Amino acid sequence: MSLLTVLFFVIWQAVARQTDTLNQVMERLTELEKTPQTNNTRLLEDQLHSLKLRLNNQGKTINDLLEQLQPVAKREENYSQPQAEPWRMQAEPPASLTPPPPGLTP
């Protein structure tokens, strides 16, 4: 009987130790699950902030390029308008200078 009592006592202590260990593991797991969410949120906020800065910089660069292109576009528009009109007003070549169609040679 005393051997059974000692065996029961040893098994009871082993189960208690395992229960304590499992509780500690569960607490640590809960802490670890909370920690990455905080870190992930912080990382996402940092990435969003840097993306906003890059987007603003790109917008400024595009605006600067557009401002630089406006005078060039105006000069090109002014240059192309006077030349376009003489081409429109040019008469067709006289009939004597145009070759006859291939099937109608005299």
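Descriptive notes on the structure:
- ³J(HN,Hα) computed for each position of region 24-34 - Karplus, 6.51 cos²θ - 1.76 cosθ + 1.60, integer Hz, glycine/proline x: 5, 5, 5, 5, 5, 5, 4, 5, 5, 5, 6
- Size of electric dipole in region 1-52: Cβ of Lys, Arg +1 and of Asp, Glu -1, about Cα centre, debye, nearest 20: 40
- Convex hull projection area averaged over all views, region 1-55, Cα basis, nm²: 3.5
The numbers here are math on the coordinates, done by the rules we state, and not lab data. Predicted, not measured: the structure shown is a model, and the values here were computed from it. Glycine also receives a Cβ, built like all others from the backbone with ideal geometry; neighbour counts cover every protein chain displayed.
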